[in-house]
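Each remark here refers to the structure printed beneath this line.
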Amino acid sequence: MVKKMDELKKKIPDGEIMPGSVKEATYDGLGRAIYEYDGWKSALSVDMLFTEGQTGYSDAVQFSEANGKYMALQFARDEKGVITGRVIE
């Protein structure tokens, strides 16, 4: 599995973005960014994703595997502070 994740991480800049996966994150009562896609739900601290004032794509990537299909979840933050997620296969 580690080898598959390493291969997927290399593909992130140019990987195939799953249709419908680019979505704005919501927030829970603890201020964590919540992202849901195709049964995959992730709740992550914004401080773990981005440094103070950082915009663009996060260096933090979350990986998942289901039925032999490997995916990576990557977050981005724009200049207005809006956080979106995208799933890359």
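None of the figures in this text is laboratory data; all of them are computed from the coordinates on show. Being a predicted model, the structure only gives us computed values, none of them experimental. Ideal geometry is used to build each Cβ from the backbone, glycine not excepted, and the neighbour counts take in all protein chains shown.
Summary table below
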quantity: All Cα pairs of the chain, percent lying beyond 19 Å; calculated: 37
quantity: Whole-Hz ³J(HN,Hα) from phi, Karplus 6.51 cos²θ - 1.76 cosθ + 1.60, for region 29-44, glycine and proline x; calculated: x, 8, x, 6, 6, 10, 10, 10, 7, 6, x, 9, 10, 10, 10, 10
quantity: Cross-link table Lys10/Lys41; Lys23/Lys80; Lys3/Lys23; Lys41/Lys69; Lys41/Lys80, entries beyond 20 Å C-alpha to C-alpha; calculated: Lys10/Lys41; Lys3/Lys23; Lys41/Lys80
quantity: Percent RCO, i.e. relative contact order, over the chain, from Cα pairs under 8 Å lying at least 6 residues apart; calculated: 32
quantity: Burial order of peptide ranges 71-77, 15-21, 51-57, 81-87 (average beta-carbon count within 10 Å, highest first); calculated: 71-77, 81-87, 15-21, 51-57
quantity: Ellipticity estimate at 222 nm from DSSP helix runs (n ≥ 4, -39,500 (n - 2.57)) divided over the chain, nearest 500; calculated: -4000 deg cm²/dmol
